[in-house]
Amino acid sequence: MTANPLSANSNASLISPEIDKSAIARATPPLKLGILASGSGSNFEVIAQAIQNQQLNAQVQVLIYNNPEAQAAARAEKYGIPSILLNHRDCKSREELDTKIVKNFQEHDVEWVIMAGWMRIVTQVLLDAFPDKVVNIHPSLLPSFPGIRSVEQALKAGVKITGCTVHIARLEVDSGPILMQAAVPLLPDDTAETLHARIQVQEHKIMVGAIALIADRPTDKNVL
């Protein structure tokens, strides 16, 4: 090893999966993705860039966002991807929101649902509509630190390693079969902001890598 992965300026992870680009050639036709995002949309843009750069044999059918202020909508416009605002505050229940999501995804011929920073708890309505095809990313090494403020949880616990996980979603929050993980060391002077920034670098890698893993499957089977 030529560099210390624990150096203060390091963005390195202890585990940083490489994308299997051979999956691109084997996967036909392109995966039809529906993206859910609530905030800046950085993970969404990484997916869109990977598709544009022919690193993923996929296409984003539509972006759904729940926060009127979400920057993800502007990112979608940049890539010519349709976006739909479904404000959860206008719904009486989580099930009502998910019913609207399912309707829009089905109208856009979505096959796989990618929660790229989706800050809402999903219900059985969405999971039943896309069985074993709802993918989530979480900023911890699950099953450690599920739920909100996982970065702060890791700092408070004093662990030496945390990271991020892409997994198939289940009804229990941040549970389900794991597709890919990357580990990130905690540094002595880390704050929630600095640690989250380094985790996000790895999130971008494994999000694309996990979708490539999904693409590299027999067309009549899922990844489970």
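General observations
- Among the residues of segment 79-110, the one identified as touching a residue at least 24 places away in the same chain (Cβ under 8 Å), surrounded by fewer than 14 Cβ atoms within 10 Å (Cβ to Cβ) and within 14 Å of Leu63 (Cβ to Cβ) is Pro82.
- Some residue of segment 36-44 being part of a strand (DSSP E or B) and either small (Gly, Ala, Ser) or over 18 Å from Lys100 (Cα atoms) (or both): yes
- Residue that is assigned to a helix (DSSP H, G or I), in contact with a Pro (Cβ under 9 Å, 6 or more places away or on another chain), at pLDDT 95 or above and not polar (S, T, N, Q), where the choices are Ala76, Ala48: Ala76
- The single condition from (1) within 20 Å of Arg75 (Cβ to Cβ); (2) touching a Phe, Trp or Tyr at 6+ places or on another chain (Cβ under 7 Å); (3) free of Cβ contacts under 8 Å to residues at least 24 places away in the same chain that Gln153 fails is (1).
- Among residues of segment 92-141 being touching a Cys at 6+ places or on another chain (Cβ under 9 Å) and of a type in the set (A, V, I, L, M), the one that is nearest to Ile168 (Cα to Cα) is Ile137.
- For Ile24, the test of being more than 30 Å from Asp189 (Cα to Cα), modelled with pLDDT of 95 or more and not in a loop (DSSP other than H, G, I, E, B) is failed.
The values are calculated or read from the model by the stated rules, or taken from the named source; none is laboratory data. Source: prediction; values computed, not measured. No Cβ is skipped: glycine too gets one built from the backbone with ideal geometry, and neighbour counts run over all protein chains shown.
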